[in-house]
Amino acid sequence: MSRAVPDPKAAVGRAAAALVESGMRVGLGTGSTAVHVARAVAEAVRSGALRDLALVPTSSQIQAVCWDLGLDLLTLSDPAVGGALDVAIDGADEVDPAWNLTKGGGGALLNEKVVARAASRYVIVVDESKLVARLGERIALPVEVVPFALAPVRAALERRGYRPAVRMAERKQGPVVTDNGNLLIDAWPPAELDPVRAERELAAIPGVVENGLFTACVTDLMVGSAAGVRHERRPLPR
């Protein structure tokens with residue numbers, strides 16, 4: 001009889017951290033599950049099991065967590081990183097059966113996508129509640145926008161069948177401002193959303209900096225549940 005896992009997020013985070021090897025260039029994602037990855041990496045560094053890591057955070061949130069854990073951080077532009085990563089480990093807000101993702105609930109979608117595309121191996125860690133039949137089933141699609149273009153971008157989304165709303169801060173006045181100084185629109189997508197096509201179309205709207213659709217980039221999916229951690233790996237489409 002298998003023993004239930006008390007904290008699936010912690011379990012999947014630790015399992016993903018075990019993929020990290022000494023000397024690697026590692027992208028660290030944002031969100032509650034990604035925090036467990038950072039904690040497990042920090043434990044391995046303190047014990048001496050991991051050495052000579054080049055760690056690149058995707059947001060001020062995970063940056064602060066890593067500083068508290070005593071981890072040294074770099075950027076993609078540092079010579080030790082050279083603009084490329086061996087592996088990036090991140091969470092997701094939704095994952096569909098084709099491993100397309102919705103990300104950006106934490107507002108870090110731009111940096112997260114840059115890191116995802118810079119990584120040879122992109123590992124997504126989630127609990128089973130994030131698995132959906134189609135993207136947009138449970139949460140809206142985040143779109144990062146330069147402030148000057150807020151109104152025309154919102155109109156362009158409406159013309160394409162989205163239901164957009166500017167994301168407002170919960171503990172301050174006004175809208176949420178991203179780490180890169182932009183605004184966020186949360187747009188409920190149309191039911192017939194094609195994630196691959198929509199990612200390209202949204203990126204082409206003037207004023208859109210990035211959108212929260214991540215397609216054709218995931219190499220590993222790790223899902224935590226009460227029964228344990230399931231790990232699948234797929235080659236990226238050519």
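Overview of results
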item: Residues satisfying the stated conditions in region 114-145, i.e. closer than 16 Å to residue 196 by Cα and crowded, with 24+ Cβ neighbours inside 10 Å; result: 135, 141, 142, 143
item: In region 146-170, the residues that are aliphatic (A, V, I, L, M) and open to solvent by 40 Å² or more (accessible area, probe 1.4 Å); result: 146, 151, 165, 168
item: Per-region count, region 71-116, residues without any contact (Cβ under 8 Å) to a residue 60 or more places away in the chain and at positive phi; result: 2
item: In region 189-223, the residues that are under 16 Å from residue 95 (Cα atoms), touching a strand residue (DSSP E or B) at 6+ places or on another chain (Cβ under 9 Å) and of a type in the set (A, V, I, L, M, F, W, C); result: 193, 196, 198, 213, 214, 217, 218, 221, 222, 223
item: Positions within region 136-170 being free of Cβ contacts under 8 Å to residues at least 12 places away in the same chain, in a helix (DSSP H, G or I) and either of a type outside the set (Lys, Arg) or closer than 16 Å to residue 107 by Cβ (or both), in sequence order; result: 151, 155, 158
item: Of all residues making up region 171-224, the number that are open to solvent by less than 20 Å² (accessible area, probe 1.4 Å), assigned to a strand (DSSP E or B) and within 30 Å of residue 7 (Cβ to Cβ); result: 8
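To keep it simple, each residue is scored yes or no on (1) in contact with an Asp or Glu (Cβ under 6 Å, 6 or more places away or on another chain); (2) charged (D, E, K, R).
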residue	(1), (2)
11	no, no
14	no, yes
38	no, no
50	no, no
60	yes, no
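The values are calculated or read from the model by the stated rules, or taken from the named source; none is laboratory data. These figures come from a predicted structure and were not determined experimentally. Don't worry about glycine lacking a Cβ; one is built from the backbone with ideal geometry, like all the others, and counts go over all protein chains shown. These accessible areas exclude ligands, DNA and RNA; they are computed on the full protein's heavy atoms, side chains included. Shrake-Rupley method; radii C 1.70, N 1.55, O 1.52, S 1.80 Å.
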